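Since the structure comes first, as structure tokens, the remarks are kept for the end.
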Amino acid sequence: MKTYWRCFVCNDIHYGFRPPEICPTCKVKNAYVEVTSEEYRKVGSLTTVEFAKADFRTAIEAFAAPNEFEVNPDRAKVEMLLEGIFNNERNHGLKYCPCRLTSKNFEEDLKLVCPCNFLVHETYQGREDGECWCGLFVRRKP
Amino acid sequence: MKKFLMFHGRECPHCTRMMPLIERLEKETGVEVERLEVWHNEKNADLMRQYRPVIGPKCGGQLRTPTFFEPVTGEVICGEIEYEKLKEWAAL
């Protein structure tokens, strides 16, 4: 089961089966200790992070930059999708893909949070014109 | 008159692009398409979820929009598709 880990030097939080060997924030080796959900929540509440649509766009562009895909150059399409993603966060709790529907199984529905793992989807994998299901991300042209 | 359902999302670009094609299909063939928005209407969303055992296997295991569904025969097609393909499917 995945759990929470806290860097005892800088309070970096990691969620996963095992902790990173080196803390990506303070670079200390073997610095993580397993913590409770309550401790994770309290440490996480030290910083309030709010994303406006423009911030999210910047975030996904940064996410795409080192990868083989990019944010769709069709700005009107992206604008509609971001509207849906933010409406879904406001109305349904998370940034769910506007082109799919939740099942009401929270763990399963985490797979629908944008950006999703679209690299394995049939609309992307092995296709020159690959894109995620909603079209927010498209394979970068050579 | 043949009738089928279209599950769609208000902010789904694929759905938006399919809307004029659906109108054309209705005019040309006489089929009736009931449009059901699923992200802003929980009743429609629950209806789509009810059909998941039928829709899911034909749509990558998920509930995707747009999905076109014929409740009597269980025929399903999903995604943004060309008009001729949609017309062919609707004639089945």
Partner shielding of A:79-91, as the mean number of partner chain Cβ atoms within 10 Å, equals 3
Cα-based Rg and Dmax for the range B:1-58, in Å, come out at 12.2, 31
Calc'd 3J(HN,Hα), the range B:51-64, phi into Karplus 6.51 cos²θ - 1.76 cosθ + 1.60 (θ = phi - 60°), Hz, glycine/Pro = x, comes to 8, 3, x, 8, 6, x, x, 9, 10, x, x, 10, 9, 10
Only helices counted: for the protein assembly as shown, with every DSSP H run of 4 or more residues adding -39500 (n - 2.57) and the sum spread over all residues, [θ] at 222 nm is -10000 deg cm²/dmol
Classified through the alpha carbon gyration tensor (a ≥ b ≥ c as square roots of its eigenvalues; rounded if a/c is under 1.5, else prolate when a/b is larger than b/c, else oblate), the range A:16-74 comes out oblate
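What does the average come to when, for each residue of peptide B:12-18, you count the partner chain Cβ atoms lying within 10 Å of its Cβ?
Per-residue shielding by partner chains comes out at 5.
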Cα-based Rg and Dmax for the protein assembly as shown, in Å, come out at 20.9, 70
Simple spin-label estimate for B:Glu23/A:Leu110, 7 Å along Cα→Cβ, in nm, reads 4.3
For the table A:Lys104/B:Lys87; A:Lys77/B:Lys87; A:Lys141/B:Lys87, the rows whose alpha-carbon distance is greater than 30 Å are A:Lys104/B:Lys87; A:Lys141/B:Lys87
Ignoring GluC sites (Glu not before Pro) buried by more than 13 other Cβ within 10 Å or outside DSSP loops, the longest site-free run in chain A is A:69-121
Ranked from fewest to most other Cβ atoms within 10 Å of their own Cβ, A:Leu81, B:Leu5 fall in the order B:Leu5, A:Leu81
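All of the numbers you see were taken from the coordinates with simple rules; none came from a lab. Treat the numbers as computed from the prediction; the structure is a model and nothing was measured. Cβ coordinates were reconstructed from backbone atoms using ideal geometry, including for glycine residues, and neighbour counts include every protein chain displayed.
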